[in-house]
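Values quoted throughout were computed directly from the atomic coordinates according to the rules given, and no laboratory measurement underlies them. Only a predicted model underlies this, so the values are computations on that prediction, with no experimental measurement involved. Neighbour counts are summed over all protein chains in view; Cβ atoms, including those assigned to glycine, are modelled from backbone coordinates with ideal geometry.
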Amino acid sequence: MRAREFINEGHTGSLAPDVGLSLPGAWVIPELKNQDPYLQYRFGVAIAAAKGRVAREQDAVEPYHKESIFGENEIVVSYDPKTGEYIDDALAQMGLHGKKQIATMASEEMPDVVKSSPVKAFKGYPR
């Protein structure tokens, strides 16, 4: 008996129609091109937001925004109090204008961060 007599391949030609069987839950999103990594990142954030929507609504968390405040814009972070002036000067040299400050100049904790130590002071242990 020859092998070809008992080995029977299911079919020949393209495997494309059957690939879906080995990739359960696969989706194609025609409007989301794979050449824009930032857009893919934002889509991942949106997927996470979609999965956690109910919990966020119960906890009154701010909803997902289509675009980040950071977006694809240049961000400059500096402790130098004159940075705003430097940015204006640099933009003027390039023929550009406009900036928006999105943070305070101080490094601060979030309002809900507990700032007191959980360790209670005792004799022999300085505060």
| Leaving out same-chain residues fewer than 8 places away, which lysines sit with a Cα under 26 Å from that of residue 115? | 123
| query | Suppose R0 equals 35 Å; then what is the FRET efficiency for residue 101 and residue 26 from their Cβ-Cβ distance, rounded to the nearest 0.05? | reply | 0.20
| message | Less than 25 Å apart at the alpha-carbon level, and either on another chain or at least 8 residues along: which lysines does that give for residue 51? | response | 33, 66
